[in-house]
Amino acid sequence: MSSTITIYLLSERTIGRYFQITALGSILNMLSLQLRDKVLRGLERGSLTLTPAEFDELAKNLTDFLKNYISSKALGIRLYAAGRGDANILRGIGITISKGLLTYGNLIDYYQSGLLIRNAITTTHLPILLRAYVFSRYRDYAEEGDVNGATLYLALTGAIISVIAGGIRLGENTYELYLVPDTSIDSIKDSYLLYELLHDPKIKNRIQDYLMTFLRVEGLSFELSILLSILLRIYDTFKIYGSLPSLRGGSFEKFKLIGVVTEQRPLIVWEKPLSITHILMRLYGSRALRILEYLYGIASNLPRLTTSVSKLPDVLSQCTLSLIAYMETGSLDMLTYCSGNAVRILSTLDELCVEGNTTSCNIKSVLASLLRDMAYSLVS
């Protein structure tokens, strides 16, 4: 084995670079002080030259993160068949792939089998998965390039850690969503806090679960559905630990949401900061996040009750948009309007509940709780 292993950072315009930063940031606080300093210096230079023991420490910590925080419900990453084929490239350096997806288990097995260390300096091609350019004007300049196994492993692990939704079908397109550091030093140092939040095994629902439900709400855009889903995930943390998560300087905006359309090749269609800090500051101590949870509860039952309560979808849509307006402005006017509309369908739900419609009983209970918390917000 070589006396050193060099990990090269991919082009700063590619999504693969963001994945590498994700992987390093998620375990930075777990590394020894000496290796942590070496990683930070390497990020400035664009490459990390490590001894085999240091590389093993880094890889072991990444494997432990995958074991401790990425569950069996975790999303697989779409691999692309264009060019040489991503799956063929990964199999060529010993990574087991099945059904065209890369999973966290594939990467755990790769390290534990010893194949990662054995292939750390082996040169291979860069998968299309990692070559997508964040800025569309550079799309035609993507180069294939060659990388070693260590460089590739770091980026693949970061992809698994940063994906928050996949297989989202909207119209003719299928989307994957990633949440990555903006590559600033603060974002790198805060990454472990964010990814422990996103992957906390104590929290049952994934962002993907929330997102699929909010996408049923008429009039709610894809971007707003993502925002609400992330807010609910943060609220789940609050319910377990009694406080909202706090990043360095309180800013979630140091992280980017990246949307990818999974065509024959990955196409990055948008990237934007995670702009929720101002919302969390406004909502801290209010009941708005609990109201949002009630709206999610109604939305999750919506398909089973739409025909019985025809106005329910409209009320749900109007109340959700009203809550968003309150989150953004602090104005209670829209909540008052929502409350009035919700009261009007409560009696219909009550009648259906008496007739034995269990779903109506569930939604009636949720709606009553929603109205109670709205009333508290309006008078407090």
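The values are calculated or read from the model by the stated rules, or taken from the named source; none is laboratory data. For clarity, every value in this text was computed on a predicted model and none was experimentally measured. All Cβ positions, glycine included, derive from the backbone under ideal geometry; neighbour counts span all protein chains shown.
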Scanning the stretch 188-220 for residues that are of a type in the set (S, T, N, Q) and modelled with pLDDT under 90 gives Asn205
Taking the stretch 87-136 and keeping residues of a type outside the set (A, V, I, L, M, F, W, C) and part of a strand (DSSP E or B) leaves Ser98, Thr123, Thr124, His125, Tyr133
Exactly one of Ser369, Ser365 is closer than 25 Å to Tyr210 by Cα and without any contact (Cβ under 8 Å) to a residue 24 or more places away in the chain, and that one is Ser365
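Before we move on, is Ala325 in contact with a Phe, Trp or Tyr (Cβ under 8 Å, 6 or more places away or on another chain) and either surrounded by 14 or more Cβ atoms within 10 Å (Cβ to Cβ) or at pLDDT below 80 (or both)?
no
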Residue count, the stretch 190-232, condition within 20 Å of Ala325 (Cα to Cα), crowded, with 19+ Cβ neighbours inside 10 Å and of a type in the set (D, E, K, R), comes to 0
Q: Determine whether Ile108 is surrounded by 15 or more Cβ atoms within 10 Å (Cβ to Cβ) and under 17 Å from Thr151 (Cα atoms).
A: yes
Exactly one of Leu280, Leu231 is more than 30 Å from Ala81 (Cβ to Cβ) and at pLDDT 85 or above, and that one is Leu231
Expected single match for surrounded by 20 or more Cβ atoms within 10 Å (Cβ to Cβ), closer than 23 Å to Phe238 by Cβ and of a type outside the set (Gly, Ala, Ser) among Leu295, Leu349, Leu371 is Leu295
The condition of being touching a helix residue (DSSP H, G or I) at 6+ places or on another chain (Cβ under 7 Å) and among the small types (Gly, Ala, Ser) holds, among Ser347, Ser317, Ser310, Ser360, only for Ser360
In this structure, is Phe238 out of contact with any strand residue (DSSP E or B) (no Cβ under 6 Å at 6 or more places or on another chain) and at pLDDT 90 or above? no
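Scan the stretch 145-186 for residues that are hydroxyl-bearing (Ser, Thr, Tyr) and either surrounded by fewer than 23 Cβ atoms within 10 Å (Cβ to Cβ) or not assigned by TED's automatic domain parsing to the domain that holds Asn29 (or both) and jot them down.
Scanning the stretch 145-186 gives Thr174, Tyr175, Thr183, Ser184.
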